[in-house]
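The structure appears below as structure tokens.
The values are calculated or read from the model by the stated rules, or taken from the named source; none is laboratory data. Here the structure is a predicted model, which means the values were calculated and not measured. Cβ sites come from the backbone with ideal geometry, for glycine too, and all protein chains shown count toward neighbours. For the accessible areas, the whole protein counts, side chains as well, though only heavy atoms, and no ligand, DNA or RNA atoms are used. Shrake-Rupley method; radii C 1.70, N 1.55, O 1.52, S 1.80 Å.
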Amino acid sequence: MTTHIRSAYPGFLDLSSRSVVQQALFVVAGTLVLALASKTAVPMVPVPITMQTFAITMIGALYGWRLGTLTVLAWLGQALLGLPVLAGSSSGLMPFVGPTAGYLVSFPIMAALVGFLTEKAINGHRPFAGFLLHLGANVLGLALGWAWLAGLLGAEKAWIAGVAPFILGAVLKSALAAAVLKLLAPRKEVTR
């Protein structure tokens, strides 16, 4: 008896076999999810935490690294063109050159990293590895955000304002992502 785990790679949704039109619709849907997640705040002290990094890593896992990255880039493009899709309804050029630039640069990298490693088997059947993957992506986002912010404010102020308040949120969102992917994971099939 052999145990075979059906996987839907690349990404949980296996969008690579879909038509270009269908993939484009998934990109549009993903940008809408990202815009909504950016406006969904979890009240935390001292800084409310948005769900945008949760949505970024989940889109990477669900869509795969190529389409996930493209979706995040499309969402950032919408913001650059003036659509109020980022946290705080910000848009235009300022978020890309101001204090949030490092975080914004990290977002497509986060989606690509999670998507790529999900395709390589860090999936819902390995929830602890999934948690570590999503947490690593969040840490990467915080590190790139901190690096940019440190250039503007200095290292200590950047840590206090741009990293420390978001660590608990990163841990909680990573745990939530691992739990959701565990629920979405295809059941194991037993074949003879």
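In plain terms, the C-alpha convex hull of the stretch 36-119 casts an average shadow of 5.3 nm² when viewed from every direction. In the context of the full set of protein chains, residues of the chain present 52 Å² of accessible surface per residue (probe radius 1.4 Å, heavy atoms only).
Note that the chain, at 4 °C in a medium of 1.567 mPa s, gets a Stokes-Einstein diffusion coefficient of 76 µm²/s from its Kirkwood radius over C-alpha pairs. Taking amide hydrogens as placed 1.01 Å from N in the peptide plane, the amide H of L83 sits under 5 Å from those of G92, each at least 5 positions away in sequence or on another chain. In percent, rounded to a whole number, the relative contact order of the chain is 27, using alpha-carbon pairs under 8 Å and six or more apart. Ranked by the mean number of other Cβ atoms within 10 Å per residue, highest first, peptides 69-77, 82-90, 168-176, 117-125 order as 69-77, 117-125, 168-176, 82-90. Using a probe radius of 1.4 angstrom, the carbon and sulfur fraction of the accessible surface of the stretch 15-184 is 78%. Seen against the Cα atoms of the chain and their longest principal axis, helix 52-63 is set at about 30 degrees. Amide H contacts of I49: V42, M44, each under 5 Å away and 5 or more positions distant or on a separate chain (H built 1.01 Å from N in the peptide plane; Pro and chain starts excluded). Compared with the dominant Cα axis of the chain, that is its longest principal axis, helix 127-153 is turned about 20°.
Given R0 = 25 Å, the distance between the Cβ atoms of L183 and S17 translates into a calculated FRET efficiency of 0.60.
Length available on full extension from W159 to A29: 0.36 nm per residue minus the Cα-Cα distance, which gives 43.4 nm.
To test your reading of the geometry: what angle, between 0 and 90 degrees and rounded to tens, separates the Cα axis of helix 65-80 from the longest principal axis of the chain? Once rounded, one gets 30 degrees. Residues in the stretch 25-32 carry Karplus couplings, in order, of 5, 5, 4, 4, 4, x, 5, 5 Hz; the curve used is 6.51 cos²θ - 1.76 cosθ + 1.60 with θ = phi - 60°, and Gly or Pro positions show x. Rounded to whole numbers, the Karplus 3J(HN,Hα) couplings from phi for the stretch 94-104 are 4, x, 8, 10, x, x, 8, 4, x, 5, 4 Hz, using 6.51 cos²θ - 1.76 cosθ + 1.60 with θ = phi - 60°, and x at Gly and Pro.
With a point put 7 Å past each Cα toward its Cβ, work out how far A129 is from V105 in nm, to one decimal. Label-label distance for A129 and V105, simple model: 3.1 nm.
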